[in-house]
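Colleague: Shown below is the structure under consideration.
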Amino acid sequence: MFDIQDEDFLQSLGLAGLPDDQKKAFLQHLYEELELRVGTRLSEGVPDDELQQLEQSIDANDDQAALKWLEAHNPNYKEIISEELEKLKQEIITNRDQILSAI
C-alpha cells in the first residue's frame, strides 16, 4: 500500500549513512510503525464487524477487496497515508542525530 523500503527513502531522511546491516531492520520498523498509525486512523469510528471484513481481506492477501473496502469506508485513505508518512518522516528528521548516535 505504501513503499518506504528503499535507499532513496533513507537518503531523504538523512540516514543513508546507516550501516548496511541495520538499514533493512530500520526500514522494516518504519514500515510497521506507519502501517500501525495508518490502520489506527482508518479504523476510527468503524464498527468492529466492518473492520473484520477488511482484516479478512488483508489476511487472505486480497488487495483488491481491501482497496474496495478502503474506498467505500475511507475514500480519503490516500490522504491519511500521506499525512501519517509525513508525520513519521518529520519525527525521524527531528531525531536523526539521536538515531545515528545510537548505532
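Bear in mind these aren't lab numbers, they're just calculated from the coordinates by the rules spelled out. Only a predicted model underlies this, so the values are computations on that prediction, with no experimental measurement involved. With ideal geometry, Cβ positions are generated from the backbone for all residues, glycine too; neighbour counts draw on all protein chains shown.
Colleague: Which members of the stretch 36-53 meet the condition of being within 13 Å of His73 (Cα to Cα) and in contact (Cβ under 8 Å) with a residue 40 or more places away in the chain?
Modeller: Once the filter is applied, which keeps residues that are within 13 Å of His73 (Cα to Cα) and in contact (Cβ under 8 Å) with a residue 40 or more places away in the chain, the stretch 36-53 yields only Arg41.
Colleague: Could you check the stretch 29-87 and list, in sequence order, the residues that are among the aromatic types (Phe, Trp, Tyr) and under 16 Å from the mean Cα position of the chain (by Cα)?
Modeller: In the first step, residues of the stretch 29-87 are kept if they are among the aromatic types (Phe, Trp, Tyr); the result is 31, 69, 77.
If the condition is that a residue be among the aromatic types (Phe, Trp, Tyr) and under 16 Å from the mean Cα position of the chain (by Cα), then Tyr31, Tyr77 are the ones that fit.
Colleague: When both residues are 6+ apart or on different chains and their Cβ atoms are under 8 Å apart, which pairs have a first residue that lies in the stretch 89-103 and is on the phi > 0 side of the Ramachandran plot, and a second that is surrounded by 14 or more Cβ atoms within 10 Å (Cβ to Cβ)?
Modeller: Between residues of the stretch 89-103 that are on the phi > 0 side of the Ramachandran plot and residues that are surrounded by 14 or more Cβ atoms within 10 Å (Cβ to Cβ), there is no close pair.
Colleague: Checking the structure you have, find out if any residue of the stretch 44-56 is within 30 Å of Ser12 (Cα to Cα) and not hydroxyl-bearing (Ser, Thr, Tyr).
Modeller: Among the residues of the stretch 44-56, not one is within 30 Å of Ser12 (Cα to Cα) and not hydroxyl-bearing (Ser, Thr, Tyr), which makes the answer no.
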